[in-house]
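The values are calculated or read from the model by the stated rules, or taken from the named source; none is laboratory data. A quick note: this is a predicted structure, and the numbers were derived from the prediction, not measured. All Cβ positions, glycine included, derive from the backbone under ideal geometry; neighbour counts span all protein chains shown. Just the protein is used for accessible areas: all its heavy atoms, side chains included, with ligands, DNA and RNA removed. Shrake-Rupley method; radii C 1.70, N 1.55, O 1.52, S 1.80 Å.
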Amino acid sequence: MADPSSYRPKPGEIPDSPGVYRFRDEHRRVIYVGKAKSLRQRLANYFQDLANLHPRTRTMVTTAASVEWTVVSTEVEALQLEYSWIKEYDPRFNVKYRDDKSYPYLAVTMNEEFPRVQVMRGHKKKGVRYFGPYGHAWAIRDTVDLLLRVFPVRTCSAGVFKNAARTGRPCLLGYIGKCSAPCVGRISAEDHRELAEEFCDFMAGRTGTYLRRLERQMTEAAEEMEYERAARLRDDIGALKKAMEKSAVVLADATDADLIAVAEDELEAALQIFHVRGGRVRGQRGWVTDKVEEVTTAALVEHALQQLYGEERGDAVPKEVLVPALPEPVEPVQEWLTGRRGSHVSLRIPQRGDKKALMETVQRNAQQGLALHKTKRASDLTTRSRALEEIADALDLDSAPLRIECYDISHLQGDDVVASMVVFEDGLQRKSEYRRFQIKGFEGQDDVRSMHEVITRRFRRYLADKEKTGEWVDEDGENGLKDEDGRPKKFAYPPQLVVVDGGQPQVAAARRALDELGIDDIAVCGLAKRLEEVWLPQDDDPVILPRTSEGLYLLQRVRDEAHRFAITYQRAKRAKRFRASPLDEVPGLGDTRKQALIKHFGSVKKLRSATIDQIQEVPGIGRKTAETIAAAFARAAPAAPAVNTATGEIIDDEEPDTTAGSSGEPVTAGAPDERRGQER
């Protein structure tokens, strides 16, 4: 591991001008490429105190052994050079998008004497027109099969073409009219190329011209009583319309645009791109990347634009690119895209209308893509095993932690303080073992004390269950508290690793709680969300797992699940508190009679002012219950009047209380604090 000060350039050596820089390791391999408006200011950020650097940046600068730069005249040139170097050197610390699958394209080989329509994958070739990408190859073949009635372009391979030319007999498509048979001279090379150009124009979205032309020809044929030809043209029109229906209209103004959406977390990001041509979605693709470097959403978008259009020219770059965040600065990127297209390209964030609605659809696809990627990654047995082994090595455990419990504290400014416990066994969620806690030992906001209380309560229960079984086994050598599946009940099953959401203070509190209970065989660590640092008890410095570590990915999943479960419970408690009513204090008054009271009086305010005799008029309410209800309202402090903040007017409480008897997820008073988690 190199010390960045050993290769830091001398003051004044770095020019204060736009440029691109490269960090190299001790073997002279390029490990990072970046661009800057001012090389001097940007590179100075890498050579500050290591403690102030982001962990990912710190790893990069300590892996590097030298830095070099190239000065350019404009930021656009810097963008172009950065893309070229990333493509050439494939640096390990740069963001690199990988396709979540290999997408097929509809390709027309305009670089051949007789252009051919075919399905292509992989890198794009010069002189070939591409349309797509499509989700499936069969979608391309279905579309082509419909269009060959109108545009009978060659689709055969070079070998079939040469054999047909040698024998003088075309293939089957030539006999049934779905190929113009240039192999046997039925059409000249010039006419066949014109046919291929028309096919490309139609696929590019210029459909109206051909439909109107065919309709005019059909009408003329019918007027001349050439009914067979008119019927054939009618079928051709139907085939074209059917092909157009396969891609629904999403933008009414025949827009040519690409829409890019990003879904991300601390470790990974997923991009989804919709290609809209002529107002129709002509293609879709998705990318996934590991966040090897510290990167913002705007930077992710910039890298995506480089990869999307770095090899494209002309119409392959659309007139409009819609993104969730603009690169900073946006002018060089927009100028670079304009140069590649040859005309102005608009790069912007959609604010309203159909484009914003479509962007929301793309965003949902990106989120689904990220979730699917995580699911596939988590479901792989080999990956899970490697993750557990990496955690064991990083934390110096004797064996892989087959059961991991994670705890998180949630509250809203000190109110409704709750905690969650989630369980992962063999790297997979075990939701039936989730638990929720209400913090009862004190009031207010103190995450450290809350963590100490939760760990104490959980493992005190564990020790109690352990004691009931006679330490570990009963007299017959079997565990006395078993579920039907053979697992110890409730809290009797200990984890190998306790993970807390937080840094050094929370970890110390958890360790102290275990020590006070005399438990010394359970490991504890914490995962700090901001920098993804793993903290161990009594260690002053965190453990930094590699960004590509499956162990870090598993710890993050465990931590995020605990956070989700805790905040869901906290919101349910807060919602119940907001819905609280004096009627809740009346023993034996269920939801049905609450609703009957509100329906009879129309509002809580009128019910509060009602007499006992008036309350008793409600069906199902007796004298004693009516007296209890009146007493409950008398004890309850009157609610503060609602005020219209715009006018200062006091609003009467005449609205019916629609929350009485609502089905939420309240925590029943008097029930145990530790409960099974149920997904709602």
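So that you can scan it fast, the table gives a plain yes or no per residue for (1) more than 28 Å from Trp535 (Cα to Cα); (2) surrounded by fewer than 19 Cβ atoms within 10 Å (Cβ to Cβ):
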site	(1), (2)
Pro4	no, no
Ser17	yes, yes
Val20	yes, no
Leu50	no, yes
Asn94	no, no
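Per-residue answers, yes or no, for (1) out of contact with any Ser or Thr (no Cβ under 6 Å at 6 or more places or on another chain); (2) modelled with pLDDT under 70; (3) over 19 Å from Tyr569 (Cβ atoms); (4) of a type outside the set (D, E, K, R):
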| position | (1), (2), (3), (4) |
| --- | --- |
| Asp408 | no, no, no, no |
| Tyr434 | yes, no, no, yes |
| Phe442 | yes, no, no, yes |
| Gln445 | yes, no, no, yes |
| Tyr462 | yes, no, yes, yes |
| Pro488 | yes, yes, yes, yes |
Complete set of residues in segment 544-559 that are closer than 11 Å to Glu390 by Cβ, buried (at least 17 other Cβ atoms within 10 Å of the Cβ) and not acidic (Asp, Glu): Leu545, Ser549, Gly551, Leu552, Tyr553, Leu554, Leu555
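Take the residues in segment 143-183 that are small (Gly, Ala, Ser) and in a loop (DSSP other than H, G, I, E, B); name whichever of them is least open to solvent (accessible area, probe 1.4 Å). Write out each step before concluding.
Step one: filter segment 143-183 for residues small (Gly, Ala, Ser), giving 157-159, 164-165, 168, 174, 177, 180-181.
If we keep only those that are in a loop (DSSP other than H, G, I, E, B) as well, we get 157, 168, 177, 180-181.
On the way: Ser157: 48, Gly168: 48, Gly177: 42, Ser180: 20, Ala181: 1 Å².
Across segment 143-183, the extreme among qualifying residues is Ala181.
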Subset of segment 524-542 [surrounded by 17 or more Cβ atoms within 10 Å (Cβ to Cβ) and in contact (Cβ under 8 Å) with a residue 60 or more places away in the chain]: Cys525, Glu532, Glu533, Val534, Leu536
Looking only at segment 209-260, and only at residues there that are modelled with pLDDT of 75 or more, in contact with a Lys or Arg (Cβ under 8 Å, 6 or more places away or on another chain) and within 30 Å of Arg348 (Cβ to Cβ), the one that is surrounded by the most Cβ atoms within 10 Å (Cβ to Cβ): Leu259
Sole exception among (1) at pLDDT 85 or above; (2) touching a Lys or Arg at 6+ places or on another chain (Cβ under 8 Å) for Pro401, by number: (2)
Cross-chain or 6+ apart pairs with Cβ under 9 Å, segment 105-116 first and farther than 13 Å from Cys156 by Cα, then part of a loop (DSSP other than H, G, I, E, B) and aromatic (Phe, Trp, Tyr): Tyr105/Tyr134; Leu106/Tyr134
For Thr625: the one exception among (1) modelled with pLDDT of 50 or more; (2) part of a loop (DSSP other than H, G, I, E, B): (2)
Gln504, sole failed condition from (1) free of Cβ contacts under 8 Å to residues at least 60 places away in the same chain; (2) open to solvent by less than 30 Å² (accessible area, probe 1.4 Å); (3) touching a Gly at 6+ places or on another chain (Cβ under 9 Å): (2)
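Give the residues of segment 420-465 that are of a type in the set (D, E, K, R), farther than 21 Å from Leu555 by Cβ, open to solvent by less than 50 Å² (accessible area, probe 1.4 Å) and outside any strand (DSSP E or B), sorted by residue number. Give the derivation first.
The first filter runs over segment 420-465 and keeps only residues of a type in the set (D, E, K, R), leaving 425-426, 430-431, 433, 435-436, 440, 443, 446-447, 449, 453, 457-458, 460-461, 465.
Filter once more, keeping what is farther than 21 Å from Leu555 by Cβ: 436, 440, 443, 446, 449, 453, 457, 460-461, 465.
With the extra rule that they be open to solvent by less than 50 Å² (accessible area, probe 1.4 Å), the set shrinks to 436, 453, 457, 465.
Within segment 420-465, Glu453, Arg457, Asp465 qualify.
May I ask you to list the residues in segment 52-76 that are polar (S, T, N, Q) and free of Cβ contacts under 8 Å to residues at least 12 places away in the same chain? First the steps, then the outcome.
Here is the first cut: in segment 52-76, the ones polar (S, T, N, Q) are 52, 57, 59, 62-63, 66, 70, 73-74.
Matches in segment 52-76: Asn52 only.
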Total residues in segment 261-304, condition of a type in the set (Phe, Trp, Tyr) and under 30 Å from Leu53 (Cβ atoms): 1
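Could you grab me the full set of residues in segment 62-77 that are of a type outside the set (Ser, Thr, Tyr) and either more than 33 Å from the chain's Cα centre (by Cα) or modelled with pLDDT of 85 or more (or both)?
Passing the criteria: Ala64, Ala65, Val67, Glu68, Trp69, Val71, Val72.
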Odd one out for Glu198 among (1) of a type in the set (Asp, Glu); (2) open to solvent by less than 40 Å² (accessible area, probe 1.4 Å); (3) more than 47 Å from the chain's Cα centre (by Cα): (3)
Test: residue in segment 280-289 that is part of a loop (DSSP other than H, G, I, E, B), open to solvent by less than 20 Å² (accessible area, probe 1.4 Å), within 30 Å of Leu370 (Cβ to Cβ) and modelled with pLDDT under 80: no
Segment 186-195, subset outside any helix (DSSP H, G or I) and open to solvent by less than 60 Å² (accessible area, probe 1.4 Å), residue nearest to Gly238 (Cα to Cα): Ile187
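For (1) in a loop (DSSP other than H, G, I, E, B); (2) modelled with pLDDT of 85 or more; (3) more than 35 Å from the chain's Cα centre (by Cα); (4) closer than 28 Å to Asp541 by Cβ, each residue gets a yes or a no:
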position	(1), (2), (3), (4)
Ser5	no, no, yes, yes
Arg22	no, yes, no, no
Glu26	yes, no, yes, yes
Arg40	no, yes, yes, no
Met60	no, no, no, yes
All positions within segment 158-196 that are in contact (Cβ under 8 Å) with a residue 40 or more places away in the chain and either out of contact with any Cys (no Cβ under 8 Å at 6 or more places or on another chain) or more than 12 Å from Pro115 (Cα to Cα) (or both): Pro182, Ala189, His192, Arg193, Leu195, Ala196
Output for segment 290-315, where each listed residue is open to solvent by 20 Å² or more (accessible area, probe 1.4 Å), of a type in the set (Gly, Ala, Ser) and in contact with an Asp or Glu (Cβ under 9 Å, 6 or more places away or on another chain): Ala299
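Of the residues that make up segment 605-613, is at least one open to solvent by 40 Å² or more (accessible area, probe 1.4 Å), under 30 Å from Gln438 (Cβ atoms) and modelled with pLDDT of 75 or more?
Initially, segment 605-613 is screened for residues open to solvent by 40 Å² or more (accessible area, probe 1.4 Å), giving 605-606, 608-609, 611-613.
With the extra rule that they be under 30 Å from Gln438 (Cβ atoms), the set shrinks to 608.
Remaining after also requiring modelled with pLDDT of 75 or more: 608.
Taking every residue of segment 605-613 in turn, at least one turns out to be open to solvent by 40 Å² or more (accessible area, probe 1.4 Å), under 30 Å from Gln438 (Cβ atoms) and modelled with pLDDT of 75 or more.
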